[in-house]
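The values are calculated or read from the model by the stated rules, or taken from the named source; none is laboratory data. Remember, it's a predicted structure, so these values are computed and weren't measured experimentally. No Cβ is skipped: glycine too gets one built from the backbone with ideal geometry, and neighbour counts run over all protein chains shown. Accessible surface areas use protein heavy atoms only, side chains included; no ligands, DNA or RNA. Shrake-Rupley method; radii C 1.70, N 1.55, O 1.52, S 1.80 Å.
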Amino acid sequence: MKNIAVNKGKKPKSLSQFMDNETVAGYVFALPFIVGFLFLMAAPMALSFYYSFTEFDMLSTPTWVGLDNYVRMMNDRRFTGSVRVTFRFVFLSVPVRLVFGLMLAYVLTRKAAGVHFYRSVYYLPTLIGGSIAVALVWGQLFQRQGVVNVLFNAVGLEGVNWFGNPNTALYPLILMSVWQFGSSMLIFAAGLKDIPETYYEAAEIDGANKWHVFFRITLPCLSPIILYNLVMQTIAAFMTFTQAFIITGGGPANATNFLALYIYNHAFNWFNMGYASAMSWVLLMMVAVSTAIILKTSKKWTFYANE
Amino acid sequence: MKRAKITVIMLVAMLILAACGADNRAPTQAVTGGVNQDATQASDGGTIEIRVAWWGSQLRHDRTVEVINMFMDQYPHIRVLPEFFDPDGYWIALNTRAVARDVWDVFQLGSNFPVYRDNILVLNDLIAQGHIDVSNTSNEFIEITSDVGEVVGISNGVNAWGIAYDPAIFELAGVPLPHIRWTWEEFEAMALGIHESLGIWGMSRFGTNPGGPVLTQFLVQQGVDFWHEYDNTQLGFDDPSYLVPFFELWRTLVQAGAAPDPGAAMLITDIEGDPVVTGLAAMTYIASNQFVALANAADRPLSMLPLPAFDPYSSLGRDVVSSQMFSIANNSRHPEIAAKFISFFQNNIEANQILQGERGIPIMNHVRETLQAEADPMVAETYAFIGMMNYLGGGAAAVFGNPNQSEIEAMANLLLDEVVFDMTTPEQAAQELFEFALSIIS
């Protein structure tokens, strides 16, 4: 300490005092994040906002085109189609996923043998969920001669040509996302454990049955957790990419062409970085508005014990 | 006091980390520096390093790496760093490097070269100075990789698109075998006939990209072309009705169950997984350099024919073309060494005996003659096929595509799906594709 102070100048005490200051230490420790945020988040975002008003192929300098990219979206049926597909995916996958997560969390927070083991097992799909390998396996399960159709045939049902039909191709992808309910399950489980025993005891004394207890006590007490999971899962669902990229390539007939995939294609396959940037900002707006709506309406259905 | 100490240690640690980061960066910056330092470096007696990159199958990786080792044995002062990819990964890596002006010294390119035109070193001087030996080939073979007189690469082999088929399935189905001057009408009847009698697909998919080469061939067979000969802002045709026959053919085959639907086609990921290999289809559309891989995977005799035509004596739609080429990056510090490598790769007989024309039929006469003399029956089939193409003659298809090609082809593929699902008609699809292509390129 002394050496550095001496080398740095004539006021040895002031440096150590300066370093000893709590705010300085805080900034120093936060520096890696601040630098990362500025260079990996803020700067690219600002750049992409600028690019969204330009025509930019990554190889030459961007040229300013004003609002052209945003106008182009309105007349691009592939864009409007992908917005529709994305919303359908969000509306169908998020609720089902949350219900599954809650159901399993409910079962797995009861005191029974092997609960810890099962909790880990059910969390596994989430750990490996976003990976390419799982997407490939899923594609094989649902292909025409895949396991799912073999099971269908075994119980006397006709096999479905899942990925060969624009009306059914989205469902295996939704199912795959539902299957990855692990993270919301864990959060639900933590929430369930936080509900005071006394509520349940009181209900029991009053003679409430299991359904009453679940709907009158468990759900209301859990509602802030449900809100949190709902928001996080909605945001994640809007950004779904891997499944469509690996399994369907957005097809057939763009029936699984999620907005994230369409943006990727424009950016990295067709070199329309400007158009892709503009669509990214529209996606951001869509996520923001959806989240705002959820938060706004949540006041009506969330219940905070301390209020 | 203690906290101050920790804070200072943290700061110092961060500085060290930052310095390491900067160190790692230095060589890449130097690489982009310039081209002139080549000669001085070579004379020090130190090793010179060049990077060679390509995409392809495992077979291609193995063979190319072996040839690179041969080259390094012969020139111990040169170190060649191979970088190989699957086709998708290659373009992602190349795009990043193209933007950073840090492209591999020698890199593989196909007909999409216009996108990377600014990264390519024009080879005319290196050829004139004798760094690349082209004395064993004819001017035509250099022209297939030239852009208005500027040589942008040396073709690693020529190929042509055609239909590979399994004669045994035709016999089993009782459908007459295809012949050299067959028509689209006969092709359709064969595919449907095989499906009717065996329940399998008569035809596999038209490649990974049915909106690409085969659609263009349909146009050239009708005397026009998809792309304009030299103007990137124009199309080679002015009437969408030229596009209709292909949409109609594809709809007929898929709706009858005689060709894979879009979902099934998506699951065919490589040439070894083609339904012809597994006996689920009788015919498939491939480039001739893929024939050996297909036949090896199928492990039974297959044959190959040029595409059908609209009538027996009309144009076939496409000549023999360069399958891909090796180009030199203009950010290369050792263009002459890179040229030496390409020259070796093209001309060395032992090297080509390892490569076995896997990238296409070699353009160097002495190499081609040696390989043809030693060819096994399946490789001989490829030579026979190319011979057939030369005999029949093709149409004058544009050698290179358009920078916006892949977006337009993606639209064509979307419309093909929609036609198959009756979401649109062949006529409407043709109209929409025509208007879309025009709006993108102009």
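For this structure, a couple of remarks:
- Residue identified as open to solvent by 10 Å² or more (accessible area, probe 1.4 Å) and within 14 Å of chain A (Cβ to nearest Cβ) among B:ASN119, B:ASN136, B:ASN124, B:ASN112: B:ASN112
- Scanning the range A:236-256 for residues that are open to solvent by 20 Å² or more (accessible area, probe 1.4 Å), within 14 Å of chain B (Cβ to nearest Cβ) and either of a type in the set (Lys, Arg) or assigned to a loop (DSSP other than H, G, I, E, B) (or both) yields a total of 2.
- Hey, A:LEU227 away from chain B (no Cβ under 14 Å) and in a helix (DSSP H, G or I) or not: yes
- Odd one out for A:VAL24 among (1) touching a residue at least 60 places away in the same chain (Cβ under 8 Å); (2) open to solvent by less than 30 Å² (accessible area, probe 1.4 Å); (3) not small (Gly, Ala, Ser): (1)
- The lone criterion from (1) modelled with pLDDT of 85 or more; (2) closer than 16 Å to B:ASN331 by Cα left unmet by B:ASN69 is number (2).
- In the range B:64-106, the residues that are touching a Gly at 6+ places or on another chain (Cβ under 9 Å), more than 14 Å from every other protein chain (Cβ to nearest Cβ) and in a helix (DSSP H, G or I): B:THR64
Listed here are the residues, each with its yes/no results for (1) closer than 26 Å to A:ASN254 by Cβ; (2) outside any helix (DSSP H, G or I); (3) small (Gly, Ala, Ser).
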| site | (1), (2), (3) |
| --- | --- |
| A:ALA105 | no, no, yes |
| A:LEU124 | no, no, no |
| A:ALA133 | yes, no, yes |
| A:GLN145 | yes, yes, no |
| A:LEU151 | no, no, no |
| A:PRO166 | yes, yes, no |
| A:MET176 | yes, no, no |
| A:SER183 | no, no, yes |
| A:LEU192 | no, no, no |
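- Just one of the listed residues (B:ASP166, B:ASP133, B:ASP147, B:ASP125) is acidic (Asp, Glu) and under 23 Å from B:VAL292 (Cα atoms), and it is B:ASP166.
- Answer residue from the range A:27-66, given it is open to solvent by 90 Å² or more (accessible area, probe 1.4 Å) and touching a strand residue (DSSP E or B) at 6+ places or on another chain (Cβ under 6 Å) and is farthest from the other protein chains (Cβ to nearest Cβ) among those: A:TRP64
- Options B:GLY174, B:GLY207, B:GLY199: the member that is surrounded by 18 or more Cβ atoms within 10 Å (Cβ to Cβ) and either on the phi > 0 side of the Ramachandran plot or free of Cβ contacts under 8 Å to residues at least 60 places away in the same chain (or both): B:GLY207
- Filtered residue count, the range A:75-104, keeping only those that are open to solvent by less than 30 Å² (accessible area, probe 1.4 Å) and either touching a Gly at 6+ places or on another chain (Cβ under 8 Å) or among the hydroxyl-bearing types (Ser, Thr, Tyr) (or both): 4
- Each residue in the range A:8-26 was checked for being within 8 Å of chain B (Cβ to nearest Cβ) and modelled with pLDDT of 80 or more, and 2 of them qualify.
The rows are residues; the columns are (1) at pLDDT 90 or above; (2) within 19 Å of the chain's Cα centre (by Cα); (3) of a type in the set (Phe, Trp, Tyr).
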position: B:VAL106; (1), (2), (3): yes, yes, no
position: B:LEU109; (1), (2), (3): yes, yes, no
position: B:ASN112; (1), (2), (3): no, yes, no
position: B:SER138; (1), (2), (3): no, no, no
position: B:ILE144; (1), (2), (3): no, yes, no
position: B:PRO167; (1), (2), (3): yes, no, no
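- Residues that are more than 26 Å from B:ASN112 (Cα to Cα) and assigned by TED's automatic domain parsing to the domain that holds B:ASN139 number at least 1 in the following helices (runs of 4 or more DSSP H) confined to the range B:290-368: B:349-355.
- Filter result for B:GLY257 (closer than 30 Å to A:GLN143 by Cβ, assigned by TED's automatic domain parsing to the domain that holds B:PRO426, touching a helix residue (DSSP H, G or I) at 6+ places or on another chain (Cβ under 8 Å) and buried (at least 18 other Cβ atoms within 10 Å of the Cβ)): no
The rows are residues; the columns are (1) among the hydrophobic types (A, V, I, L, M, F, W, C); (2) in contact with a helix residue (DSSP H, G or I) (Cβ under 9 Å, 6 or more places away or on another chain); (3) closer than 23 Å to A:VAL94 by Cα; (4) crowded, with 16+ Cβ neighbours inside 10 Å.
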| site | (1), (2), (3), (4) |
| --- | --- |
| A:TRP211 | yes, no, no, no |
| A:THR234 | no, yes, yes, yes |
| A:LEU261 | yes, yes, yes, yes |
| A:MET273 | yes, yes, no, yes |
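- Residue count for the range A:153-164, restricted to those that are over 15 Å from A:GLY249 (Cα atoms) and within 12 Å of chain B (Cβ to nearest Cβ): 2
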